[in-house]
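Engineer: Can you read through this structure? Questions will come right after.
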Amino acid sequence: MNALPNPLAQRAVRGDGALAAPASGGDQLARRLAKRYGDRITGSFVLPGREGQFAALPGDMPSALAQALRSRGIGQLYAHQAQAWNATAAGEHVVIATPTASGKSLCYTLPVISAAIRQRAKALFLFPTKALAQDQVAELLELNQAGDLGVKAFTFDGDTPGDARQAIRLHGDIVVSNPDMLHQAILPHHTKWAQFFENLRYVVIDEVHTYRGVFGSHVANVLRRLQRVCAFYGVSPQFILCSATIGNPAEHASALIEQPVTAITESGAPVGEKHVLLWNPPVVNPDLGLRASARSQSNRIARTAIRAGLKTLVFAQSRLMVEVLTKYLKDVFDNDPRKPPRIRAYRGGYLPTERRAAEREMRAGQVDGIVSTSALELGVDIGALDVVVLNGYPGSVAATWQRFGRAGRRQQASLGVLVASSDPLDQYLVRHPEFFQGAPPEHARIAADQPLILLDHIRCAAFELPFKDGELFGPQDATPWLQVLAEEGVLHQEGERFEWIADSYPANAVSLRSVADGNFVVVDRTDGRQTIVAEVDFSAASLTLYEGAIHMIQSVPYQVERLDWNGRKAFVTRTNVDYYTDAIDYTKLKVLEAFDGSPAGAGSAHHGEVHVARRVAGYKKIRYYTHENIGYGPVNLPDLELHTTAVWWQLPQRALEQAFDHRQEALDGFLAAAHALHIVATVAVMAEARDLQKAVGSGDGAWFATPDANGRAQLRSAFGEEGAPMLGPFIPTLYLYDAFPGGVGLSAPLFERREDLVRLARELVQRCDCRAGCPACVGPVLAVDEQNERSLKSLATRVLDLIVAL
Amino acid sequence: MSALADKLRGLRRQAGVQPPAPAPVPPRARPELPDNIRQLLGIRQRAKSSPPRKVAGEPTAVPGETIAPGLQLCEARTAWPPMPPAFHAAFARIDAVIDPARLVLFDTETTGLAGGTGTRAFMIGVGDWHEGAFRERQLLITTLAGEAAMLDHFASWLRPDAVLVSYNGKSYDAPLLKTRFRLHQRACPLEGLMHIDLLHPVRRRWCGAWENCRLATAERQLLQVVREDDLPGAEAPAAWLGFLRGGSAGSLHRVARHNSQDLRSLGGILHRFAADDDASACV
């Protein structure tokens, strides 16, 4: 929205120029940094600037709206905005996937406001965060005021007071909310919103790329419920969706709403030249492969940029890191208390008024440096910037671009720098500039028919409206699920109808962010606090919440003091230890059914259903940076089992015998290869590393392999027993599996991209700077083998060479 | 079918969902009244050991007569409470003189308190003064399909000039019924009617003086009503659900009696306010 000739933004630019013309643009800074720190820069490229492509304001737009736009300095539209207008006018569902700051919000505000003026039609806006919703309403109100349009827009979220809710339900033309409110407050009370639904014409969903994985699968089901309620009121609203650039916007949007969607992906907004640098902190201890911290580098880059007169935004991964970096920059730039501060921090947890003030100052160009969490990643309007520094990889290429998109002025080149942390994913990505060039590699995926998620939402849907026998929910016949719910006693079947009968409010028990309801809450007891600081999925609890575990929340270390397994609570306190903990888990997989399979090099690849049994036997304490193993602790928790989906690779015994001298070597290679494949697969499907797990074992579940303290494979036939009879066929199998009961659809796309993945994993291992192996490629190597022949790195390469497509 | 059920059960166990709570918890014992209050109220000390009294010959048939498929009507006339005089409803912050013939007292029994679209009324009790007596009419559904007919009957009893009388009905019973009418795609007959919710004048007058302002307290304080073998309101949902799932109709009679007492108390309390108003008007 800030790419539009918005009067405020223009003033900021002018004010800027008048105050102090920047000594250099992002291009000059990029050249200076490249010259001075060439060895730290692993990738450098330039995206050329582009002239704007414009279109006249549509003639069929209400004249009051056109007037309002003109009075706000908008005399024409960008090409993609006009395209969106035409597509919505033709009644199509639309997804707009153009870069940050390309004026996406006008794509939906124009049709929505027009319909509100002409037919008093209503619209529902869904944003992932409250801050964005408030911004959107502020913008709508400004436009409304500019043209005296008489359109009423309100936010409706958890903070909306009870007495205001009734008025919003009755009088809101545009209600701006979020998926959780729709799920828990609006749909279960839809009769109170009857007038709203009867006139609902548009549903706008912004930032749909954030609705992926488990969360996205839930949101797709909430949208099924929304469409079911709409059908009850005799309406079928049109959907307008917006997304950051991802690899499959149309497919993803259409998976969310289960209707065909027209994608608009070419932005008509003008952009200046953009320089991008990938930055790896220098190695400070070559023996240990230890690098300088990302923080020190981000600080240095930001300092240089601000000194050069460039408006700079630094993204940090945690609130704590925001405060640390802000302090470092303030120490340099804000040491004169008589002058207004030049550096500001921006993050969640500040009061809304404080955030609004920060946004205003930034728009007005009074701030030279901002340090923020992801809170500024989405479309909060802060005006134009010159430099964006990412302190660590934000978890997806799409988010990286979205953050880089924060910098950009029309007349002047901008710069984005990604500073890698020591995390294996960061190290992988910073060495692969190709990920950031060309087409976005990531595909957002959802699995709306995940059985447990489906059961939860059919439950909620039955509360909202009775089901008829044979009624479809999405593409599914809901009947068997209804029968399960009837057996449970929450539904009553009478004739052809299933009606809600229980005295409960099911939406309250369904969190959109987890599969089923077995979550653990993490309770912080530091200094007498007794507050919930995080929630952890049941399946991850035994791996991350055992007593003694160091549990990281937003990069802040907490130690688990007590785990109440039955009460689903973990009690933690803040700590300052210099190590992290890693669960020693024994995972045994057994293939239940292969859905699909194909040859893979000398072996084969498959996709199918597996049974996973897992025991956490203990944990290791590992010192930061050096990865020294400094101790062990016991864990005594119940075994877990899970039916889920997986992709797996196998090699026939003959091929193995030719390639390896011993089975031990082959197993070492499999474990190391699994580590590399897991890294690249996590990137490929935009998954959280913990949602996708890896394992090595026999295809029939007879044995499994775990790494010992030296990274070497240990073979076990059952939990707790070391060693296994090496009789019978030896068919080691490398699995990547969904860490949720029933799966969440991660493994099918992995199977589709199996050849890419193996190729990428092989490159990852070969190109890694380490000698014998490291956490960034094949996993921690504690006692490094000097013989390169038998290093984990070379063994992993051998395995990957055997399964790579010929 | 059971294959899916088994699979879902397995997956839910793996996801850490604890099995659903077993049988409903037994009703909590209500706190005994302190001795002095019991004496003041003239309530006899009950033998503590006596088991819940079974009314001899509890009927097994559903209460009332069937007037539509799945819908029962119980009708009764009583002399008490007496019809109030015409009164000015200032006590309910309504500036109008009300003819008692317009009054429609109502009270619902519902499947729970969860709120939202999943809660329904299975009984609507309506009281009015008709032909010189207090008339109670209770609609009770015995199947879910009977709900539409129940709503239609109820709607047919409301004249456009009716004045509703309830206890907490403005925030509870009326919105709930409105939701049910919506779900059956019918206009809501309560819309636009004058509504005297006695909870509010009772609160204004006796808040702080009594331990609470629940109907049971108000009826005891104002009318000296003592309930006999009363089914606590919270147990009504279970009684009806039990019946719906093939259980006995016995406890439905207790629900009906409870609802009936609510209606009569409502009438009594209204009479008290109306008479006060009348008295003050005469001064």
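The values are calculated or read from the model by the stated rules, or taken from the named source; none is laboratory data. In this text, all values refer to a predicted model and were calculated from it rather than measured experimentally. A quick note on method: Cβ atoms are made from the backbone with ideal geometry, for glycine too, and the neighbour counts reach across all protein chains shown. Ligands, DNA and RNA are stripped out before the accessible areas are found, and what is left, the full protein with its side chains, is counted by its heavy atoms. Shrake-Rupley method; radii C 1.70, N 1.55, O 1.52, S 1.80 Å.
Engineer: Would you call A:Glu609 at pLDDT 90 or above and not in a strand (DSSP E or B)?
Structural biologist: no
Engineer: Something else: For A:Ala509, indicate whether it is touching a helix residue (DSSP H, G or I) at 6+ places or on another chain (Cβ under 6 Å), more than 9 Å from chain B (Cβ to nearest Cβ) and under 22 Å from A:Val214 (Cβ atoms).
Structural biologist: Considered against the rule, which asks whether it is touching a helix residue (DSSP H, G or I) at 6+ places or on another chain (Cβ under 6 Å), more than 9 Å from chain B (Cβ to nearest Cβ) and under 22 Å from A:Val214 (Cβ atoms), A:Ala509 comes out as no.
Engineer: Just give me the residues in the stretch A:533-550 being part of a strand (DSSP E or B) and either at pLDDT below 85 or in the same structural domain as A:Asn391 (by TED's automatic domain parsing) (or both), in sequence order.
Structural biologist: If the condition is that a residue be part of a strand (DSSP E or B) and either at pLDDT below 85 or in the same structural domain as A:Asn391 (by TED's automatic domain parsing) (or both), then A:Val533, A:Ala534, A:Glu535, A:Val536 are the ones that fit.
Engineer: Cβ-Cβ below 6 Å, separation at least six or inter-chain, first residue in the stretch A:73-99 and under 21 Å from A:Ile257 (Cβ atoms) and in the same structural domain as A:Glu207 (by TED's automatic domain parsing), second surrounded by fewer than 19 Cβ atoms within 10 Å (Cβ to Cβ) and of a type in the set (S, T, N, Q): which pairs?
Structural biologist: A:Ala87/A:Thr262; A:Glu92/A:Thr262; A:His93/A:Gln259; A:Val94/A:Thr262; A:Ala97/A:Thr265
Engineer: Quick one: in the stretch A:178-200, of everything that is more than 17 Å from A:Tyr505 (Cβ to Cβ) and touching a helix residue (DSSP H, G or I) at 6+ places or on another chain (Cβ under 7 Å), which residue is nearest to the other protein chains (Cβ to nearest Cβ)?
Structural biologist: To start, the set of residues in the stretch A:178-200 that are more than 17 Å from A:Tyr505 (Cβ to Cβ) comprises A:178-179, A:194-200.
Checking the rest, the ones that are also touching a helix residue (DSSP H, G or I) at 6+ places or on another chain (Cβ under 7 Å) come to A:178-179, A:194-197, A:200.
Details: A:Asn178: 19, A:Pro179: 18, A:Ala194: 6, A:Gln195: 10, A:Phe196: 13, A:Phe197: 10, A:Leu200: 15 Å.
Out of the qualifying residues, it is A:Ala194.
Engineer: Among the numbered conditions (1) out of contact with any Phe, Trp or Tyr (no Cβ under 8 Å at 6 or more places or on another chain); (2) at pLDDT below 95, tell me where B:Ser260 comes up short.
Structural biologist: Only one criterion in (1) out of contact with any Phe, Trp or Tyr (no Cβ under 8 Å at 6 or more places or on another chain); (2) at pLDDT below 95 is unmet by B:Ser260, namely (2).
Engineer: Consider only pairs whose beta carbons are under 9 Å apart and that are at least six residues apart or on different chains; among these, list those whose first residue lies in the stretch A:317-339 and is closer than 18 Å to A:Ala420 by Cα and whose second residue is assigned to a helix (DSSP H, G or I) and open to solvent by 70 Å² or more (accessible area, probe 1.4 Å).
Structural biologist: A:Met321/A:Arg295; A:Val324/A:Arg295; A:Leu325/A:Arg295
Engineer: Evaluate the stretch A:472-491: report whether one residue or more is more than 28 Å from A:His611 (Cβ to Cβ), more than 14 Å from every other protein chain (Cβ to nearest Cβ) and open to solvent by 10 Å² or more (accessible area, probe 1.4 Å).
Structural biologist: Yes, because at least one residue in the stretch A:472-491 is more than 28 Å from A:His611 (Cβ to Cβ), more than 14 Å from every other protein chain (Cβ to nearest Cβ) and open to solvent by 10 Å² or more (accessible area, probe 1.4 Å).
For every residue, the table says whether it meets (1) acidic (Asp, Glu); (2) in contact with a Gly (Cβ under 8 Å, 6 or more places away or on another chain); (3) surrounded by fewer than 20 Cβ atoms within 10 Å (Cβ to Cβ).
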| position | (1), (2), (3) |
| --- | --- |
| B:Pro175 | no, no, yes |
| B:Arg182 | no, no, yes |
| B:Gln185 | no, no, yes |
| B:Pro189 | no, no, no |
| B:Ala216 | no, no, yes |
| B:Gly242 | no, no, yes |
| B:Gly267 | no, yes, no |
| B:Ala274 | no, no, no |
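Engineer: What number goes with the only condition from (1) in a loop (DSSP other than H, G, I, E, B); (2) open to solvent by less than 20 Å² (accessible area, probe 1.4 Å); (3) not β-branched (Val, Ile, Thr) that A:Ser504 does not pass?
Structural biologist: Condition not satisfied by A:Ser504: (2).
Engineer: Quick check on the stretch A:726-761: of everything there that is β-branched (Val, Ile, Thr) and crowded, with 23+ Cβ neighbours inside 10 Å, which residue is modelled with the lowest pLDDT?
Structural biologist: A:Val744
Engineer: Looking at the stretch A:517-532 only, could you name the residues that are open to solvent by 20 Å² or more (accessible area, probe 1.4 Å), assigned to a loop (DSSP other than H, G, I, E, B) and within 14 Å of chain B (Cβ to nearest Cβ)?
Structural biologist: Residues satisfying the conditions are A:Asp517, A:Asn519.
Engineer: Give, as residue ranges, the helices (runs of 4 or more DSSP H) completely inside the stretch B:181-247 that count at least 2 residues that are of a type in the set (S, T, N, Q).
Structural biologist: B:215-223
Engineer: For the structure I just gave you, tell me whether A:Gln259 is in contact (Cβ under 8 Å) with a residue 40 or more places away in the chain and not assigned by TED's automatic domain parsing to the domain that holds A:Gly369.
Structural biologist: Spelling it out, A:Gln259 is indeed in contact (Cβ under 8 Å) with a residue 40 or more places away in the chain and not assigned by TED's automatic domain parsing to the domain that holds A:Gly369.
Engineer: Would you say A:Glu496 is out of contact with any Ser or Thr (no Cβ under 9 Å at 6 or more places or on another chain), more than 7 Å from chain B (Cβ to nearest Cβ) and open to solvent by 20 Å² or more (accessible area, probe 1.4 Å)?
Structural biologist: Against the criterion (out of contact with any Ser or Thr (no Cβ under 9 Å at 6 or more places or on another chain), more than 7 Å from chain B (Cβ to nearest Cβ) and open to solvent by 20 Å² or more (accessible area, probe 1.4 Å)), A:Glu496 qualifies.
Engineer: Here's something else I'd like to know. Is it the case that A:Phe463 is open to solvent by less than 10 Å² (accessible area, probe 1.4 Å) and within 12 Å of chain B (Cβ to nearest Cβ)? Break it down into steps so the answer makes sense when it comes.
Structural biologist: Working: open to solvent by less than 10 Å² (accessible area, probe 1.4 Å): yes; within 12 Å of chain B (Cβ to nearest Cβ): yes.
Yes: the conditions hold for A:Phe463.
Engineer: Turning to a different aspect of this structure: Which numbered condition in (1) open to solvent by less than 10 Å² (accessible area, probe 1.4 Å); (2) within 14 Å of chain A (Cβ to nearest Cβ) is the only one that B:Pro81 fails?
Structural biologist: (2) is the only condition that B:Pro81 fails.
Engineer: Mind listing whichever residues of the stretch A:251-260 are over 12 Å from A:Pro475 (Cα atoms) and surrounded by fewer than 22 Cβ atoms within 10 Å (Cβ to Cβ)?
Structural biologist: Once the filter is applied, which keeps residues that are over 12 Å from A:Pro475 (Cα atoms) and surrounded by fewer than 22 Cβ atoms within 10 Å (Cβ to Cβ), the stretch A:251-260 yields A:Glu251, A:Ser254, A:Pro260.
Engineer: So, of the residues in the stretch A:84-135 that are in a helix (DSSP H, G or I) and polar (S, T, N, Q), which turns out to be nearest to A:Gly383 (Cα to Cα)?
Structural biologist: A:Ser105
Engineer: Just give me the residues in the stretch B:138-160 being surrounded by fewer than 20 Cβ atoms within 10 Å (Cβ to Cβ) and of a type outside the set (A, V, I, L, M), in sequence order.
Structural biologist: If the condition is that a residue be surrounded by fewer than 20 Cβ atoms within 10 Å (Cβ to Cβ) and of a type outside the set (A, V, I, L, M), then B:Thr143, B:Asp152, B:His153, B:Ser156, B:Trp157, B:Arg159, B:Pro160 are the ones that fit.
Engineer: Quick check on this structure: which one of B:Ala145, B:Ala114, B:Ala121 is touching a residue at least 24 places away in the same chain (Cβ under 8 Å) and within 12 Å of chain A (Cβ to nearest Cβ)?
Structural biologist: Exactly one residue qualifies, and that residue is B:Ala145.
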